[in-house]
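The values are calculated or read from the model by the stated rules, or taken from the named source; none is laboratory data. If you're wondering where the values come from, they're calculated on a predicted model, not measured in any experiment. Cβ placement follows ideal geometry from the backbone for every residue including glycine, while neighbour counts extend to all protein chains displayed.
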Amino acid sequence: MSTATSTSTAGTAVDAPSDASFGAHFDALETRAPEVREHALLAALSRQVAHARKHAPYFADVLAGIDPRAVDSRAALAALPVTRKSELTARQRAVPPLGGLNATPVGGLRHLFQSPGPIHEPDGHAGDWWRTARAMFAAGFRKGELVYNTFSYHFTPAGMMMETGAHQLGCCVFPAGVGQTESQVHALAALRPSAYTGTPSFLKLLLERGEEMGLPCGSLTKALVSGEACPPPLRAWLQARGITARQMYGTADVGLIAYETEGGDGWVVDEGVLVEIVEPGGTQPMPAGETGEVVVTVLGNGDYPLIRFGTGDLSAIVVDSAQRPSPCGRTNIRLKGWLGRADQTTKVKGMFVHPGQVAEVVRRHPEIRAARLVVSGAVGADVMTLHCDATHHDDALATAIGTSMREVLRLRGEVRFVAPDSLPQDGKSIEDARRYD
């Protein structure tokens, strides 16, 4: 069994268990009472805000005037600004290489990586820095097994994210990386690993190529997949070949966010993060069950103490998951899975319109229960219409909303009232319905 190791500097750690030998679970944190977890998370939150303000130049500026001791509730957290992944490229160009979001100087880090954007991500010296061991354990990985890792080790941190988690569990890793399909089939046949990490589509390709080459990869029994969706038909295809695949949701910036477990019923949120679902492009939390942007505060990382980091991904909290444990016995809240991207920035009449602007228009008018900006027409003849689910419909309200659209979006648009609850519940605040033929 694995022992969970804190990945934080002094004063920022989330409470850690003293014994990780709990059979079906990685550690005692996974099955603690929700109120005990919430108390520990909020205590760690206050410490992390203090640490970020003191050591990370970016957060010293963004959180200036904030008393860390007062950030002791989810409501207080919701009052802090959101830093979005989509902003990192510009910030890192202005203050290279990490935009001042790092609390540990670059010379004190272990690695720097670069993902498309380009966006640079750090890696610290602590074991299992991205906390992926927890997801691997839930996928059935155990000490002494050989893990076949097909995530890239070049430029991006994906390969290292999985390797460090596997090492934390006591597994051996074959760093296969991406590509070279036939060589990988030969390696699988020779090494006979029991566990796979990588994308589900590449696993399917390897298995199919192995069958064609007369080298079936029958040793694999479990897989932790990420980087793309694993739809039910592909999951069933793998299961028919004796491989149980579970998904992990994480990013290079924050590490593990949530993961699948035995019994399903949503993705269990990691114990080292505080997750919010906020209005797409905005800052305010959404009610449980409604789709919004995944915003993460990392509570066990002193090197890169991200506070309210907007991932740009859409998800929703499984209703009542805070009170109803997963069938696997884990008690943390659960996400419904990956539901798309929150960044719906659209160019209209030569100007960019983004979800945050739509959210600002809605905030100005309490009568609006929900809204969706629909951009229609042919290319070069854009028509922008704000579809509003409002408490009442009249010309005065439509005129006021239209005025707000001009002020916030700097564009003229139409206002259309719609029937209650008729807008799609898919998390989108902007829909591009233009004709491109």
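Structure values in brief
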{"read-out": "Any chance residue 17 is at pLDDT 95 or above, surrounded by fewer than 18 Cβ atoms within 10 Å (Cβ to Cβ) and not β-branched (Val, Ile, Thr)", "value": "no"}
{"read-out": "Odd one out for residue 110 among (1) at pLDDT 95 or above; (2) under 21 Å from the mean Cα position of the chain (by Cα)", "value": "(2)"}
{"read-out": "Looking only at the stretch 323-352, and only at residues there that are aliphatic (A, V, I, L, M) and more than 19 Å from the chain's Cα centre (by Cα), the one that is modelled with the lowest pLDDT", "value": "351"}
{"read-out": "Enumeration of residues in the stretch 368-409 that are of a type in the set (Asp, Glu) and closer than 21 Å to residue 426 by Cα", "value": "389"}
{"read-out": "Residues within the stretch 44-87 that are at pLDDT 95 or above and assigned to a helix (DSSP H, G or I), tallied", "value": "26"}
{"read-out": "Members of the stretch 79-88 found to be more than 18 Å from residue 48 (Cβ to Cβ) and in contact with a Ser or Thr (Cβ under 7 Å, 6 or more places away or on another chain), listed by number", "value": "85"}
{"read-out": "Residue pairs meeting the criteria (Cβ under 6 Å; at least 6 apart or on separate chains; first under 18 Å from residue 181 (Cβ atoms), in the stretch 216-230; second among the β-branched types (Val, Ile, Thr))", "value": "220/243; 223/243; 227/199; 228/199"}
{"read-out": "Total residues in the stretch 232-260, condition over 18 Å from residue 296 (Cβ atoms), surrounded by 15 or more Cβ atoms within 10 Å (Cβ to Cβ) and out of contact with any Lys or Arg (no Cβ under 6 Å at 6 or more places or on another chain)", "value": "7"}
{"read-out": "Condition check for residue 360: within 22 Å of residue 282 (Cα to Cα) and part of a helix (DSSP H, G or I)", "value": "yes"}
{"read-out": "Residue among 334, 324, 369, 363 that alone is surrounded by fewer than 22 Cβ atoms within 10 Å (Cβ to Cβ), in the same structural domain as residue 60 (by TED's automatic domain parsing) and of a type in the set (Lys, Arg)", "value": "324"}
{"read-out": "Qualifying residue in the stretch 370-383 (condition: in contact with a Leu (Cβ under 7 Å, 6 or more places away or on another chain) and of a type outside the set (A, V, I, L, M, F, W, C))", "value": "yes"}
{"read-out": "Filter result (closer than 21 Å to residue 159 by Cβ, touching a residue at least 24 places away in the same chain (Cβ under 8 Å) and out of contact with any Ser or Thr (no Cβ under 6 Å at 6 or more places or on another chain)) within the stretch 89-115", "value": "98, 109, 111, 114"}
{"read-out": "Count of the stretch 363-401 residues which are within 12 Å of residue 281 (Cβ to Cβ) and part of a helix (DSSP H, G or I)", "value": "1"}
{"read-out": "Every pair of residues 6+ apart whose Cβ atoms lie under 8 Å, when the first sits in the stretch 389-408 and is more than 15 Å from residue 370 (Cβ to Cβ) while the second is of a type in the set (Phe, Trp, Tyr) and outside any loop (DSSP other than H, G, I, E, B)", "value": "398/417"}
{"read-out": "Near pairs, Cβ below 6 angstrom, 6+ apart or cross-chain, from the stretch 165-190 (over 18 Å from residue 217 (Cα atoms)) to any residue that is surrounded by fewer than 23 Cβ atoms within 10 Å (Cβ to Cβ) and of a type in the set (D, E, K, R)", "value": "169/143; 170/143; 171/145"}
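Matching residues to (1) in contact with a helix residue (DSSP H, G or I) (Cβ under 8 Å, 6 or more places away or on another chain); (2) among the hydrophobic types (A, V, I, L, M, F, W, C):
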{"site": "126", "(1), (2)": "no, yes"}
{"site": "140", "(1), (2)": "no, no"}
{"site": "154", "(1), (2)": "no, no"}
{"site": "160", "(1), (2)": "no, yes"}
{"site": "163", "(1), (2)": "no, no"}
{"site": "168", "(1), (2)": "yes, no"}
{"site": "173", "(1), (2)": "yes, yes"}
